[in-house]
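This report concerns only the one structure given below.
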Amino acid sequence: MEKNDFSKGSVYRHILALAVPMTIAQLVQMLYNIVDRIYIGHLPGGSSLALTGLGLTFPVVTLIMAFTNLFGMGGTPLFSIARGRQDETRAERILGNTFSMLCFCCLMLTGACYLFMKPILYLFGASDASYPYAAEYLRIYLLGTPFAMISTGMNGFINAQGFARTGMATVMIGAAVNILLDPVFIFVFGMGVSGAALATILSQFLSAAWVLQFLMGKKTLFRLRKQCMHPEGKLIKEIASLGMAGFVVHASNGAVQIACNATLRNFGGDVYVGVMTILNSVRDVVSMPMQGLTNASQPVLGFNLGAGAYDRIKKSIVFVTVAGVSYMLFVWLTLFLFPEPLMRIFNSDAELLAKGVPALHLYFFGFFMMAFQFVGQSTFVGLGMAKQSVFFSLLRKIIIVVPLTLILPHAAGLGAMGVFMAEPISNFIGGTASFTTMLVLVGRLFRRNQASAKPLVHGRHENKEISKGK
């Protein structure tokens, strides 16, 4: 395992070695849904309405990802810390329990979504015109829930062992199939929205199969074993506690999407829901390299925490911050200069573009501040600071964005544009608060351990100490 020892060699190289394939993998994974939106946005006749219908399913997809992150993102840093302490038995128990909980959640979520699909979609902002498109897509997409949760939730354990290229292949295989099948099902077979959903679940199946064959095979350092899948209440609580940040991020994203769609339907109609669908798509794509960089830092942070290498933790944080802010500034400039060409990738409707360009400029104002949010959140997760990571996820989305989304459209005649204004306000407030708090708590952690010159106690006590910022 020495070749994947993150406490030796260049910290920057370790992060980049994980970040490059992880970012490529995440960008390719994003194509699962992005490609669907691009093809559906160019369907002959009614493309804008079909795109709006697809956008209405985002909160459901986001909820599925929230539960995936609850255990996948919770188990991975805990796994990295155990690995850094060379506790192989605990690492494999974390791996097995994470898999068990993902399987349980996917069954519960799929059943609930099928039972309450119609009221859920209308609650999320559907109109009589857009509901048929949303329901058509969701009925098929939900069949792939187990594949989506297993491939995404378990792939982090491949990356955490240092096999970033194998982790990249997980999503590249599935996405390549999705890209090839989408135009065939949608246009050649004339299946429309249903074809997009079918192509997606077939590709997710292949990704899940790839993950499982690796984690159960001979090349992995830690194998997914049946005897480790027996649920352990105490261990599941630890996993869920650390994964709560990822859960809250996605669940709060879902809450924001619901609030935005419902408000936009009332103030601007279906066309503005379509605009928000495109802006969310653009944001997902351009922020993915930043997410890849910060996600790649988490195994390195967790490993060095377990090894007591605090100087390397500091170097990791500084590197990710400088690189991330620089990248996000470049993205903001690009979006400001070329808004219409980016929107035309998804839809060419004249009305949608006329309303979408001003909305894009407002929505992405000061976008670089998101880098500070990402760095703060990833550091909290990587170092096991569960309470702080959950709080700042809630602060930005639930405490700031949702109320502003509901209030601003009524203020000074802003209307639909008030919905798009809520995002930049939350970026400045949330990014500043998250990053500043992270610096204070990490500083305390360094001072405490420099004074004691002792690594933190193994297991649950370690997370408790850090989260209290002692």
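The values are calculated or read from the model by the stated rules, or taken from the named source; none is laboratory data. As the structure is a computational prediction, the values presented were derived from the model and not from experiment. A quick note on method: Cβ atoms are made from the backbone with ideal geometry, for glycine too, and the neighbour counts reach across all protein chains shown. Calculation scope for accessible area: heavy atoms of the full protein, side chains included, ligands and nucleic acids excluded. Shrake-Rupley method; radii C 1.70, N 1.55, O 1.52, S 1.80 Å.
Below is a table of values for the structure above.
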{"item": "Spacing of the two label points (7 Å from each Cα toward its C-beta) at Asp311 and Arg444, in nm", "result": "2.6"}
{"item": "Rounded to the nearest 10 Å², the accessible area of Leu329 at probe 1.4 Å", "result": "80"}
{"item": "Angle between the chain longest axis and helix 310-337 axis [Cα atoms, degrees, rounded to 10]", "result": "10"}
{"item": "Convex hull per residue volume in Å³, alpha carbons only, for the chain", "result": "126"}
{"item": "Sum of -39500 (n - 2.57) over DSSP H runs of 4+, divided by residues of the chain (222 nm, nearest 500)", "result": "-27000 deg cm²/dmol"}
{"item": "Intensity falloff of the range 280-429 expressed as log10 I(q)/I(0), Debye formula with alpha-carbon point scatterers, at q = 0.09, 0.16, 0.18 Å⁻¹", "result": "-0.35, -0.93, -1.08"}
{"item": "Helix 47-56 vs. the chain, principal-axis angle (Cα, 0 to 90°, nearest 10)", "result": "40"}
{"item": "Virtual spin-label span in nm between Ala129 and Ser7, 7 Å along Cα→Cβ", "result": "6.2"}
{"item": "Diffusion constant of the range 368-453 at 25 °C, which comes from Stokes-Einstein with the Kirkwood Cα-pair radius and 0.890 mPa s, µm²/s", "result": "175"}
{"item": "Dipole axis of the range 54-139 (+1 Lys, Arg; -1 Asp, Glu on Cβ), positive-most option in Ala135, Thr110, Ile94", "result": "Ile94"}
{"item": "Among Pro59, Gly269, Leu70 - extreme Cα towards positive end, dipole of the chain, charges at beta-carbon", "result": "Leu70"}
{"item": "Fraction in percent of alpha-carbon pairs per bin - 5 Å, the range 94-167", "result": "3, 14, 20, 16, 14, 11, 10, 8, 3, 1"}
{"item": "Percentage relative contact order, the chain, counting C-alpha pairs under 8 Å, at least six apart", "result": "23"}
{"item": "Cα extents of the range 25-142 along the three principal axes, largest first (Å)", "result": "59, 31, 19"}
{"item": "Karplus-derived HN-Hα couplings along the range 158-175 (A = 6.51, B = -1.76, C = 1.60, θ = phi - 60°), whole Hz, x at Gly and Pro", "result": "6, 5, 5, 8, x, 9, 5, 5, 5, x, 5, 5, 3, 8, 5, 4, x, 5"}
{"item": "Segment Val188-Phe116, length gained on full extension (0.36 nm per residue, minus Cα span)", "result": "22.7 nm"}
{"item": "Size of charge dipole - the chain - debye, nearest 20, with Cβ of Lys, Arg +1 and Asp, Glu -1, no other charges", "result": "1920"}
{"item": "Karplus-derived HN-Hα couplings along the range 68-83 (A = 6.51, B = -1.76, C = 1.60, θ = phi - 60°), whole Hz, x at Gly and Pro", "result": "4, 6, 3, 9, x, 6, x, x, 4, x, 5, 4, 5, 5, 5, 5"}
{"item": "Between the range 359-414 and the range 177-202, the Cα center-to-center distance that results, in Å", "result": "34"}
{"item": "Heavy-atom surface of the chain, accessible at 1.4 Å and reported per residue (Å²)", "result": "38"}
{"item": "Convex hull volume per residue for the range 316-380, taking Cα atoms only, in Å³", "result": "87"}
{"item": "Taking N as its residue count, the alpha carbon Rg of the range 101-256 over 2.2 N^0.38 Å", "result": "1.18"}
{"item": "On Cα atoms only, tilt of 233-267 relative to the major axis of the chain in degrees", "result": "20"}
